[in-house]
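Enquirer: Input: one structure, supplied below.
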């Protein structure tokens, strides 16, 4: 496993697209994952800290190819002795977008604090925006060597470069990362250390299924949205913790920072809306398989911690094996931010600041949901289903207007939770981050 040539994998994938990767190479990676998972899960395995760090990173990469090694949506039970849950594999959202690798860079898998996640999130956003801008500049100049099929028109490219340049300026003062290598490193250990995070983002996270230019852009929008959503979620969780403790200034600060990242998230989505044609989007959509935002854990968790579990999402969440655990929030003890805002005094300076920050966040996220709904209407053929099995635009219409505040600026009451449907034995709670970690 340690002799596996990572650079060869990246080069081969970029040359033909992930969907057309040599089945023998993918099969070998899937076998390596099964073997590696067994070793890491065995109670008698003895590894040094550095060894385990390298192998855990390799496991994240190999697991994606193990999932993609079967037809999209297929249920393939894994041996119980390996501790791997049976369930849908193929082109699901996490494997398609390499989300677990992105979370590894952000540190969300280590019970990090919300401040730590925001710091890493800003580093990652700055890197991703600059990397995307450089890619588009090289593409426009005719010097890019991969992802060159069906590029945007000259007009679309000009506007994209302008918007990405503005985002790059916006993030210029944010913390940075080391420069990635000029070519992908060949060994796992070169990616595993702290300097290797930039190489993970440059070479392992962004691997489209096709050679089409706009699928690369689509994935970069997904990754930027994932990062901003994770940071917003971390700060919302922090705000909830401070509100429960009666610490209003700290809660207001968390919500202000969340609102700032939400504005950037909206600008990222506008890049897609303004510069990608319907024809180019539809040309690669089939190769995304069953990957769907319904399976996007960070987004679904954010919506729940802000507003609670929306009744119209229960069926979709229950049908997505990745996110069925979120239905555990259907209980009388759980309080979303919307519920906690009712206890914030509006007649004090500190309380008013909290409500202003929450209102700013609510307005921006509402604008993002409207834009997302507009994208569904624009890009999806009429009456077509979403890639996750939902009804597409009609599904989004059912809850996009669910908000923290009404039109008079008063917090909406939190609805009484409905009963949760029966959940399988495999469903378990996931770790979260808070300012108390």
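The values are calculated or read from the model by the stated rules, or taken from the named source; none is laboratory data. Remember, it's a predicted structure, so these values are computed and weren't measured experimentally. Backbone-built Cβ (ideal geometry, glycine too); neighbour counts: all protein chains shown.
Enquirer: Could you please let me know if residue 314 is in a helix (DSSP H, G or I) and buried (at least 21 other Cβ atoms within 10 Å of the Cβ)?
Expert: Here the answer is no, as residue 314 does not meet what is asked.
Enquirer: Please indicate, with yes or no, whether at least one residue in the stretch 329-336 is touching a strand residue (DSSP E or B) at 6+ places or on another chain (Cβ under 9 Å), in the same structural domain as residue 380 (by TED's automatic domain parsing), more than 30 Å from residue 168 (Cα to Cα) and not in a helix (DSSP H, G or I).
Expert: Looking only at the stretch 329-336, we keep the residues that are touching a strand residue (DSSP E or B) at 6+ places or on another chain (Cβ under 9 Å), and these are none.
No, there is no match, as no residue in the stretch 329-336 is touching a strand residue (DSSP E or B) at 6+ places or on another chain (Cβ under 9 Å), in the same structural domain as residue 380 (by TED's automatic domain parsing), more than 30 Å from residue 168 (Cα to Cα) and not in a helix (DSSP H, G or I).
Enquirer: A further question on this structure: Any residue at all in the stretch 163-172 that is outside any helix (DSSP H, G or I), over 28 Å from residue 303 (Cα atoms), touching a helix residue (DSSP H, G or I) at 6+ places or on another chain (Cβ under 9 Å) and without any contact (Cβ under 8 Å) to a residue 60 or more places away in the chain? Let's see the steps before the verdict.
Expert: Let us first name the residues in the stretch 163-172 that are outside any helix (DSSP H, G or I), namely 171-172.
From what is left, the residues that are over 28 Å from residue 303 (Cα atoms) are 172.
Filter again for touching a helix residue (DSSP H, G or I) at 6+ places or on another chain (Cβ under 9 Å), leaving 172.
Among the residues that remain, those that are also without any contact (Cβ under 8 Å) to a residue 60 or more places away in the chain are: 172.
Yes: one or more hits.
Enquirer: Could I ask something else about it? Go through the stretch 331-362 and give me each residue that's surrounded by 19 or more Cβ atoms within 10 Å (Cβ to Cβ) and in contact (Cβ under 8 Å) with a residue 60 or more places away in the chain.
Expert: 336, 337, 338, 340, 341, 344, 354, 357, 358, 361
Enquirer: Of the residues 175, 185, 151, only one is assigned to a loop (DSSP other than H, G, I, E, B), more than 21 Å from residue 205 (Cβ to Cβ), touching a helix residue (DSSP H, G or I) at 6+ places or on another chain (Cβ under 6 Å) and in contact (Cβ under 8 Å) with a residue 24 or more places away in the chain; which?
Expert: None of the other options fit; the residue is 151.
Enquirer: Evaluate the following for residue 305: is it surrounded by fewer than 19 Cβ atoms within 10 Å (Cβ to Cβ), closer than 22 Å to residue 359 by Cβ and in contact (Cβ under 8 Å) with a residue 24 or more places away in the chain?
Expert: no
Enquirer: Okay, moving on. I'm trying to understand the selection: among the residues of the stretch 137-148, which are touching a residue at least 60 places away in the same chain (Cβ under 8 Å) and surrounded by 15 or more Cβ atoms within 10 Å (Cβ to Cβ)?
Expert: 139, 146, 147
Enquirer: Oh, and also: It is to be established whether one or more residues within the stretch 211-224 are under 30 Å from residue 374 (Cβ atoms) and over 21 Å from the mean Cα position of the chain (by Cα).
Expert: Scanning the stretch 211-224, I find at least one residue that is under 30 Å from residue 374 (Cβ atoms) and over 21 Å from the mean Cα position of the chain (by Cα), so the answer is yes.
Enquirer: Taking the stretch 263-307 as the search range and keeping residues that are modelled with pLDDT under 90 and assigned to a loop (DSSP other than H, G, I, E, B), which one is farthest from residue 380 (Cα to Cα)?
Expert: Restricting to residues being modelled with pLDDT under 90 and assigned to a loop (DSSP other than H, G, I, E, B), the top hit is 296.
Enquirer: Looking at (1) part of a helix (DSSP H, G or I); (2) within 21 Å of residue 229 (Cβ to Cβ); (3) touching a helix residue (DSSP H, G or I) at 6+ places or on another chain (Cβ under 6 Å), which one does residue 260 not meet, given that it meets all the others?
Expert: Every condition holds for residue 260 apart from (3).
Enquirer: Could you tell me which residue of the stretch 45-54 is nearest to residue 92 (Cα to Cα), considering only residues that are surrounded by 13 or more Cβ atoms within 10 Å (Cβ to Cβ) and free of Cβ contacts under 8 Å to residues at least 60 places away in the same chain?
Expert: Top of the filtered list is 52.
Enquirer: Mind checking which residues of the stretch 27-41 are in contact with a helix residue (DSSP H, G or I) (Cβ under 8 Å, 6 or more places away or on another chain) and either surrounded by fewer than 18 Cβ atoms within 10 Å (Cβ to Cβ) or more than 22 Å from residue 291 (Cα to Cα) (or both)? Spell out how you get there, then give the answer.
Expert: The first filter runs over the stretch 27-41 and keeps only residues in contact with a helix residue (DSSP H, G or I) (Cβ under 8 Å, 6 or more places away or on another chain), leaving 29-30, 32-34, 36-41.
Within the stretch 27-41, 32, 34, 36, 37, 38, 39, 40, 41 qualify.
Enquirer: Output the number of the condition that residue 317 fails; it satisfies all remaining conditions of (1) closer than 28 Å to residue 71 by Cβ; (2) in contact with a strand residue (DSSP E or B) (Cβ under 7 Å, 6 or more places away or on another chain).
Expert: All conditions pass for residue 317, except number (2).
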